[in-house]
Amino acid sequence: MTSEAVSTAHSTSPDSGQYWTAEGAWPVGEGIYRIPLPLPTDALKAVNVYVLETDDGLTLIDGGWAIEAARDVLGRCLRQLGYRFQDLRRFLVTHVHRDHYTLAAVLGSQYDADVSLGLGERATLEVITDPRRVGSPTANALRAAGAFEVANQWPMSSADLIDRNMWRFPDTWLDGDFTTSVGSHTLDAVHTPGHTPGHYVFAERAAGLLFAGDHVLPTITPSIGFAMAPPPNPLGDFLASLAKVRKLPDLTILPAHGPVAPSSHRRVDELLSFHEMRLAQSLAALAGEAATAFAVAQQLTWTRHNKTYAELELHSKGLAALETKAHLELLVVRGQANREESPDGVVFSAMTAS
């Protein structure tokens, strides 16, 4: 769930001069192109895949969702640049979510291109590819958040039941922070857990570019807490990762969703400020009595249109409950709230002053 809505007006990209989802191979640097690929959802219309040219072929940062429409657009745009799928050599995937990973996994297998993914995503892939798995891990997480009604409807609308043929383990696991060469480009691979446990961003300092994945998005706040193998404190991880990226030079943001944006420092500061405000709102919601994340989420407003929880569609209700739980869990870590397991889900209460 994003706590801010995608800005619908004037969300153009400076590389294209058009709305950022417009089809094309848009140059964003020397030998670097942004290709928006379509998504089969209303919430996010496209995902940006970035193509880096080398003397040996192409490296792509992220791969898109393994649907025919995305594959067709990618093929057309590569041909526009004079390439084919056979020129793919490497995928650097920012994280395991299906709109980033699955088309990379499919094309990598078909064209013998190396697919790299953060080691922190191993647990998620083990859950997804487990042939013995029954039911939805996300539904279990929703029940822990107290969102039983949403959990009971979730399997029919969730990513949990998608075709497992889209999924496989990567060829290369990324571990820790390191530097890698992609042709003439030198990228700092920076582990940024939070949105997912194994999320990576890639910084090309010489060109002043940050391939930001879903870690730093220019017009929405990345969802937190939506993971098949959730860590105990995803928001704490995310805020620490934001601080880590803030220590890098101020870079142009090449996001997975949304237009190219001029300042990573400015946007990181906005995201940090937003989550501190949301933490304060979540704590205030506990002032009256103990509550589950689901109950607290109903006291908050969502998106830039300040929608009530009841106005959200099913998928957004689920993400909102999980994101609220992530905020409440961080309040516990900070010593501002208590938590207690119960049949109704995890119940949180404000810490009383001694």
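The values are calculated or read from the model by the stated rules, or taken from the named source; none is laboratory data. Given the structure is predicted, the values throughout are model-derived calculations rather than measurements. FYI the Cβ positions are ideal-geometry reconstructions off the backbone, even for glycines, and counts take in every protein chain you see.
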If you check LEU248 against the conditions, is it farther than 30 Å from GLU341 by Cα, touching a residue at least 24 places away in the same chain (Cβ under 8 Å) and in contact with a Gly (Cβ under 6 Å, 6 or more places away or on another chain)? no
Could you figure out which of (1) touching a residue at least 24 places away in the same chain (Cβ under 8 Å); (2) crowded, with 16+ Cβ neighbours inside 10 Å isn't true of PHE274? (2)
Of ALA297, ALA310, the only residue that is closer than 21 Å to PRO230 by Cα and within 25 Å of the chain's Cα centre (by Cα) is ALA297
Of the conditions (1) in a helix (DSSP H, G or I); (2) farther than 20 Å from GLU289 by Cβ, LEU331 clears all except one; give me its number. (2)
Do we find a residue being of a type outside the set (Lys, Arg), within 15 Å of the chain's Cα centre (by Cα) and either in the same structural domain as PRO38 (by TED's automatic domain parsing) or under 15 Å from VAL51 (Cα atoms) (or both) anywhere in the range 68-84? no
Filtering the range 29-87 for residues that are on the phi > 0 side of the Ramachandran plot and in contact with a helix residue (DSSP H, G or I) (Cβ under 7 Å, 6 or more places away or on another chain) leaves a count of 3
Determine which member of the set LEU319, LEU283 is of a type in the set (A, V, I, L, M) and in contact with a helix residue (DSSP H, G or I) (Cβ under 9 Å, 6 or more places away or on another chain). LEU283
Quick one: in the range 160-187, of everything that is among the aliphatic types (A, V, I, L, M) and farther than 21 Å from LEU119 by Cβ, which residue is modelled with the lowest pLDDT? LEU161
Inside the range 191-236, can you point out the residues that are surrounded by 22 or more Cβ atoms within 10 Å (Cβ to Cβ) and not in a loop (DSSP other than H, G, I, E, B)? TYR200, VAL201, PHE202, ALA203, LEU209, LEU210, PHE211, ALA212, GLY213, PRO234, LEU235
Looking at ARG76, ARG71, ARG90, ARG122, which is the one that is of a type outside the set (Asp, Glu), closer than 18 Å to ALA189 by Cβ, in a helix (DSSP H, G or I) and touching a residue at least 24 places away in the same chain (Cβ under 8 Å)? ARG122
Going by the structure shown, is THR41 among the hydroxyl-bearing types (Ser, Thr, Tyr) and out of contact with any strand residue (DSSP E or B) (no Cβ under 6 Å at 6 or more places or on another chain)? yes
